[in-house]
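The values are calculated or read from the model by the stated rules, or taken from the named source; none is laboratory data. Predicted, not measured: the structure shown is a model, and the values here were computed from it. Heads up, the Cβs are rebuilt from the backbone with ideal geometry, glycines too, and the neighbour counts pull from every protein chain shown. Protein only, heavy atoms only, side chains kept; ligands, DNA and RNA dropped before computing areas. Shrake-Rupley method; radii C 1.70, N 1.55, O 1.52, S 1.80 Å.
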Amino acid sequence: QVQLVESGGGLVQPGGSLRLSCAASRIMFRLYAMNWYRQAPGKQRELVATITSGDSTNYQDSVKGRFTISRDNAKNSVYLQMNSLKPEDTAVYYCNAHETWTLRDYWGQGTQVTVSS
């Protein structure tokens with residue numbers, strides 16, 4: 001069974017940085033588009049950043065210039081470097097693996113990011 005395990009969340013002050021990691025197992029990781037989503041209390045889950053199997057990236061407008069998604073296929077891992085964090089970035093962040101050939105999605109359990117002074 002596919003497993004995605006996130007780590008790196010926590011409490012940080014506004015303006016601070018965090019790096020989220022997601023380790024994947026039991027998938028041909030290099031073939032998957034990998035995404036980071038987030039869900040704030042009372043809000044719908046939203047797509048934050050995407051990196052394709054070909055290393056193309058895309059970002060939600062609100063995080064452009066502050067967040068960077070990257071992947072290491074040798075480690076079956078995807079990362080989200082988050083800089084200049086704002087209180088509105090507070091959410092549970094989820095790692096997602098997307099099968100472009102079946103449209104199947106796999107999800108991690110989520111990691112809490114709280115931006116507060």
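Here are some notes:
- ³J(HN,Hα), Karplus 6.51/-1.76/1.60, whole Hz, each residue of region 82-88, x for Gly, Pro: 10, 10, 6, 5, 10, x, 6
- Residues whose placed amide H lies under 5 Å from that of ALA33, excluding near-sequence neighbours: SER53, HIS98, THR100
- Residues whose amide H comes within less than 5 Å of that of VAL48, counting only those at least five positions distant or on another chain, are TRP36, TYR37, ARG38 (H built at 1.01 Å from N in the peptide plane).
- The chain - accessible surface per residue (Å², probe 1.4 Å): 54 Å²
- Based on C-alpha pairs under 8 angstrom that are at least 6 apart in sequence, the chain has a relative contact order of 36 percent.
- Applying the criteria of a DSSP loop state and at most 16 other Cβ atoms within 10 Å to the trypsin sites (Lys or Arg not before Pro) of region 52-114 yields LYS64, ARG66, ARG104.
- Considering only TYR79, ASN58, SER25, and ranking their Cα positions along the charge dipole of the chain that arises from unit charges at the beta-carbon of Lys, Arg, Asp and Glu, the one farthest toward the positive end is SER25.
- Distant alpha-carbon pairs in region 12-117 (separation over 22 angstrom), percent: 26 percent
- The dipole here belongs to the chain: it is taken about the Cα centre, uses +1 on the Cβ of Lys and Arg and -1 on the Cβ of Asp and Glu, and is about 100 debye.
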